[in-house]
Amino acid sequence: METDRLYADPALVQFYDIENGWAQDLDYCRNLADGCSSVLDLGCGTGLFAATLAQRAACAVVGVDPAAAMLDVAAERAGGERVEWHLGDARSIRLDRRFDLVVLTGHAFQVFLTDEDRAAALRTIADHLKPEGRFVFDSRNPVGRPWMNWTPANSLRHIEHPALGRVRAWNDASHDPVTGVVTYGTHYKPMANDLLYSSQSKIAFASQEKLSAQIAAAGLVVRQWVGDWLGSPYCSTSPEIIAIGALPRPVAAG
Ligand SMILES: C[S@@+](CC[C@H](N)C(=O)[O-])C[C@H]1O[C@@H](n2cnc3c(N)ncnc32)[C@H](O)[C@@H]1O
């Protein structure tokens, strides 16, 4: 997997939290974490979810991400001192402990571009769940072809950066119908200087059928398919494919 500058380069990471705040998805996952004493956040990024959760004294939170620049921001945020941060890859990391909840928030699961990558990440989830533990991750539904809207005109927005001032931001995207992978550009142009910060990223848009088969192949069971962060049941036209699941229940003896 190539390093994505959007997460690896501090010049781009400085825009992440301005664009990505607390939203319904994190509320939903925080509710799932109610009563949990341990939570593993794979692809934790700048750590907003993990650090917020860790501020509840009763919950031990571990965050994993391969991008040091993202973890640098995470460690500095309020509550970050209570999280155990690991620089690592969700496909291969083994912490030798199990958790009440394993989450991948903010569509982090879509960074796994191939069947092999997804299978490895799902094995990591399975290897870190307690018998009664749960996992949750989201993936945008390819049915609505959301990348068609990620044009410079449709995505143009202005953000306020504390040091750079007003910044013009936009995206562009192209879809490979063979692999289902979308390559998208993210661009930041401060109004006050001549600099342009740009990155090219790749994310996969797996179908619900594919995700369902891969989850089962990893020895996991989906208990609930959700279609948006209001909690609506998943249907074929839902914007999100949200899998909430667990290890299989042991078969009762006798
Ligand atoms: C869209 S961001 C989501 C970050 C965070 N979960 C959130 O909700 O804001 C995707 C994150 O996945 C991370 N990532 C990329 N490849 C990864 C891998 N192989 N294992 C774990 N995380 C990875 C990136 O570094 C980035 O922080």
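The values are calculated or read from the model by the stated rules, or taken from the named source; none is laboratory data. These numbers come from a predicted model, not from an experiment. Methodologically, a virtual Cβ is constructed for each residue, glycine included, from the backbone with ideal geometry; neighbour enumeration extends over all protein chains shown. With ligands, DNA and RNA removed, areas are computed over all heavy atoms of the protein, side chains included. Shrake-Rupley method; radii C 1.70, N 1.55, O 1.52, S 1.80 Å.
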Would you list the strands (runs of 3 or more DSSP E) that sit entirely within region 132-202 and hold 3 or more residues that are touching a residue at least 40 places away in the same chain (Cβ under 8 Å)? 157-161, 181-190
Residues of region 196-227 that turn out to be surrounded by fewer than 18 Cβ atoms within 10 Å (Cβ to Cβ) and within 12 Å of residue 140 (Cα to Cα), as a count: 1
Output the residues belonging to region 37-78 that are in contact with a Cys (Cβ under 8 Å, 6 or more places away or on another chain) and part of a strand (DSSP E or B). 38, 39, 63, 64, 65
Is region 2-12 home to any residue that is more than 9 Å from the ligand (Cβ to nearest atom), out of contact with any strand residue (DSSP E or B) (no Cβ under 7 Å at 6 or more places or on another chain) and among the aromatic types (Phe, Trp, Tyr)? no
Contact list, first residue from region 7-22 and under 14 Å from residue 163 (Cα atoms), second anywhere and among the aliphatic types (A, V, I, L, M) and more than 10 Å from the ligand (Cβ to nearest atom), beta-carbon distance below 6 Å, six or more apart or interchain, is 18/159
Among all residue pairs at least 6 apart or on different chains, which show Cβ distances below 7 Å where the first residue, located in region 87-102, is open to solvent by less than 40 Å² (accessible area, probe 1.4 Å) and the second is within 12 Å of the ligand (Cβ to nearest atom) and small (Gly, Ala, Ser)? 90/43; 90/121
Mind telling me which of the residues 65, 127 ends up being away from the ligand (no atom under 13 Å from the Cβ) and modelled with pLDDT of 95 or more? 127
In region 29-60, which residue that is among the hydroxyl-bearing types (Ser, Thr, Tyr) and either buried (at least 23 other Cβ atoms within 10 Å of the Cβ) or within 12 Å of the ligand (Cβ to nearest atom) (or both) is farthest from the chain's Cα centre (by Cα)? 52
